[in-house]
1. Residues that are polar (S, T, N, Q) and either open to solvent by 70 Å² or more (accessible area, probe 1.4 Å) or within 21 Å of Val2 (Cα to Cα) (or both): list the strands (runs of 3 or more DSSP E) wholly contained in the range 23-125 that include at least 1 such residues.
2. Any idea which residue in the range 12-42 is nearest to Ala63 (Cα to Cα), counting only those that are modelled with pLDDT of 95 or more and charged (D, E, K, R)?
3. If we keep just the residues of the range 112-124 that are at pLDDT 95 or above and among the hydroxyl-bearing types (Ser, Thr, Tyr), which is farthest from the chain's Cα centre (by Cα)?
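The values are calculated or read from the model by the stated rules, or taken from the named source; none is laboratory data. As the structure is a computational prediction, the values presented were derived from the model and not from experiment. Heavy atoms of the whole protein, side chains included, go into the accessibility calculation; ligands, DNA and RNA do not. Shrake-Rupley method; radii C 1.70, N 1.55, O 1.52, S 1.80 Å.
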Amino acid sequence: QVQPVESGGGLVQPGGSLRLPCAASGRTFSCYAMGWFRQTSGKEREFVAAIRWSGGVTYLDYADSVKGRFTISGDNAKNTVYLQMNTLKPEDTAVYYCNANILPIGSSWTTIGSWGQGTQVTVSS
């Protein structure tokens, strides 16, 4: 079982940036993809970004709300996925979670792997 650990959260001003690493231990080669999700109080956890490695090619996917601002990347040798968040907005405030194994479902994603503990991102002036 792959066990992800997120970090890098904190308080930033609107327009600022943060980089969140997700370090995954255990077997990752059999995973379809890894992804970032976020959740605010009273709302359902939502998809943010996904990354998949296949045949030496990296595939990326983003929620419309973060396209052009967030970038997901991976260091396969270190089993680490990063979420670079730029031009942050107050509505980006949430607890951000990494999932170790996700699958496509229609135009979105479903999670079948383990969740990390989450890291709080607060965007406020």
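1. Numbers: elements: 34-39, 46-54, 57-62, 70-75, 80-85, 94-99, 102-105, 108-111, 119-123.
By residue number, 46-54, 57-62, 70-75, 80-85, 94-99, 108-111, 119-123.
2. Result: Arg38.
3. Checked the range 112-124; the qualifying residue farthest from the chain's Cα centre (by Cα) is Ser124.
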